[in-house]
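This report concerns only the one structure given below.
The values are calculated or read from the model by the stated rules, or taken from the named source; none is laboratory data. For clarity, every value in this text was computed on a predicted model and none was experimentally measured. Positions of Cβ are backbone-derived with ideal geometry, glycine not excepted, and every protein chain shown enters the neighbour counts. Calculation scope for accessible area: heavy atoms of the full protein, side chains included, ligands and nucleic acids excluded. Shrake-Rupley method; radii C 1.70, N 1.55, O 1.52, S 1.80 Å.
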Amino acid sequence: MKKIITLSFALITVILMYGQTISTETKNAEKLLQQEKYKEAVEELKDAIAIIESEQLSSMNKELLPEKVLDYIKADSEENIELSKSYVSGNLKVLSKVYLKNQAANNTNENATEEYMMELPTQVIISISNVPEKFCEAINIVSANQNSMATTTETIESINFKNYRASIRLDKMAKQGIFMAIVGGATIEIITTGIATNKEVLDIANTIDLEKITQYFGK
């Protein structure tokens, strides 16, 4: 019961942040709490939490994922659902967005040429999250490659990215790259297709506002 009361007061205070969007849920929860209907009160609070998480996700998408990176623009989320999954659930925060070249974003199945359809799509996928597995993956890659490594087709390089640990893996033959960086409590991952140089990958990474990331994910 103490936990329910504490959570109720916490939710009431955030009404000031989110206007009246959760006022109904918190008022209902208070009434149910007074009636000792604890299960029902918890359900009302869950609804309020869902509203807050939705508001937070909308704010993070707007603040952290730019509308455009270099000459790539945001792709339609409905057509890229699997690659654009974003959510806030409790302490977990995951943002992901697909970006396409301007001409690719404007192409449709009706007017795309056969030559274009045969080409590997040029795209960028930016993901920002605090998922522990992704954090461990980034740490392992950086730690395993303190010095640059190279094969006939692939290079892996650990770098200092604006005072944060990062790595770039580039397959020049396939024109695919993966940038990963640990920025405060978040892991940034950028997957590129159709890009063949470290500079291009870094240019994309430099469009992300790291200060805003630490504001949402912690330093």
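Data for the structure
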{"item": "Heavy-atom SASA rank of LEU64, LEU100, LEU70 (probe 1.4 Å, accessible area, largest first)", "result": "LEU70, LEU100, LEU64"}
{"item": "Distance violations [Cα-Cα > 18 Å] among LYS85/LYS212; LYS68/LYS162; LYS93/LYS219; LYS62/LYS93; LYS68/LYS172", "result": "LYS85/LYS212; LYS68/LYS162; LYS68/LYS172"}
{"item": "Two-site label geometry, GLN34 and GLU137: point separation in nm, points 7 Å out along Cα→Cβ", "result": "5.0"}
{"item": "The stretch 170-219 - percent of accessible surface contributed by carbon and sulfur, probe 1.4 Å", "result": "51"}
{"item": "Kirkwood-based shape ratio for the stretch 147-214, expressed as Rg/Rh from alpha carbons", "result": "0.98"}
{"item": "Sites ALA50 and THR193, calculated FRET efficiency, Cβ-Cβ separation with R0 35 Å, nearest 0.05", "result": "0.50"}
{"item": "Where labels lie 7 Å past Cα in the beta-carbon direction, separation of ASN206 and THR153 in nm", "result": "3.0"}
{"item": "Net charge contributed by nearby residues that have their C-beta within less than 13 Å of ILE159 (K/R +1, D/E -1)", "result": "+3"}
{"item": "THR24 - accessible surface, heavy atoms, 1.4 Å probe, Å² rounded to 10", "result": "80"}
{"item": "Per-pair calculated FRET efficiency, R0 = 30 Å: LYS27 and LYS85 via Cβ, rounded to 0.05", "result": "0.35"}
{"item": "Where labels lie 7 Å past Cα in the beta-carbon direction, separation of GLU43 and MET173 in nm", "result": "5.9"}
{"item": "Formal net charge of residues neighbouring GLU67 (Cβ-Cβ distance under 11 Å; K, R +1; D, E -1)", "result": "+4"}
